[in-house]
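Everything on this sheet refers to the single structure shown next.
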Amino acid sequence: MKKVILANWKANLSLPRAESWCETFAQFYRPQERIEIIIAVSPFMLDRIAQKIGSLQGISLAVQGISSYPQGSYTGSTPAAWVRGLAQYTLLGHSERRRYFHETVQDVARQVAESLSEELQPIICVDQKLITQQTAALAAEELEHALWAYTPDTPATFEMARSVSDIAAILPQFRQKTDNRPVLYGGGVTAENSAALWRVEGLGGVMLGKACLDAKIFASLVNSLSA
């Protein structure tokens, strides 16, 4: 599998700013066969962003979360069925979703099932303390199709990444619990530390938050990791 650079816009970019981001990124981005760029966007702008950036080589879209339930009487939800054909991935279980929106291990497990039912590949964010519970909540066939993102759930890691040695030490636990599925690292990843994190043996890629919001800087980061 290709290594992944995931850009999580979170709730930072309005639609006009997001479209401008895509235009700027397209000017500076240099595709590489060995790397997949995944951009995680709000569900309401998926269609427009797919039109803006979908033709670029090596770019995939992820939706920032979906409903734990199918289509039906669930006001305010975004069923996975509505995302099919627009995104390739779902970004699930992010620490902000668990903290601010009180999503549980069981909620995330249902979202994984909903994603796979619509042929969307789940990327499951989880801290070290939850990896055992979260993997236990999934069926074996669900584990086979999931990607994982190690996202430490401590205040310091929102702005400062874990050390390379810490990540390297924790990674075998994640690989063992997830049946050796690819694991990304997300938490304080910046233009300055991304190269060192990228080289951690066995790591499937990196996930960026603030560091991806400037399209030109993000494209430069992507190009440097591609080199």
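The values are calculated or read from the model by the stated rules, or taken from the named source; none is laboratory data. Keep in mind it's a predicted model, so treat the numbers as computed, not measured. With ideal geometry, Cβ positions are generated from the backbone for all residues, glycine too; neighbour counts draw on all protein chains shown.
Odds and ends about this structure:
- Only a single item in (1) exposed (fewer than 15 other Cβ atoms within 10 Å of the Cβ); (2) part of a loop (DSSP other than H, G, I, E, B) is not met by residue 20, and it is number (2).
- Every residue from the range 57-78 that is without any contact (Cβ under 8 Å) to a residue 60 or more places away in the chain and either touching a helix residue (DSSP H, G or I) at 6+ places or on another chain (Cβ under 6 Å) or closer than 21 Å to residue 209 by Cβ (or both): 58, 59, 60, 61, 63, 64, 65, 66, 68, 71, 78
- Breaking point among (1) surrounded by 16 or more Cβ atoms within 10 Å (Cβ to Cβ); (2) at positive phi; (3) touching a strand residue (DSSP E or B) at 6+ places or on another chain (Cβ under 9 Å), for residue 188: (3)
- Which listed residue is at pLDDT below 95, out of contact with any Leu (no Cβ under 8 Å at 6 or more places or on another chain) and among the small types (Gly, Ala, Ser), from 68, 42, 20, 55: 55
- Residues of the range 171-227 satisfying the condition of being assigned to a helix (DSSP H, G or I), farther than 16 Å from residue 147 by Cβ and in contact with a Phe, Trp or Tyr (Cβ under 8 Å, 6 or more places away or on another chain): 197, 211, 212, 215, 216, 218, 219, 220, 222, 223, 225
- Failed condition for residue 48, given (1) assigned to a helix (DSSP H, G or I); (2) under 21 Å from residue 209 (Cβ atoms): (2)
- When residues of the range 91-120 are limited to those that are in contact (Cβ under 8 Å) with a residue 40 or more places away in the chain and part of a loop (DSSP other than H, G, I, E, B), the one farthest from residue 143 (Cα to Cα): 94
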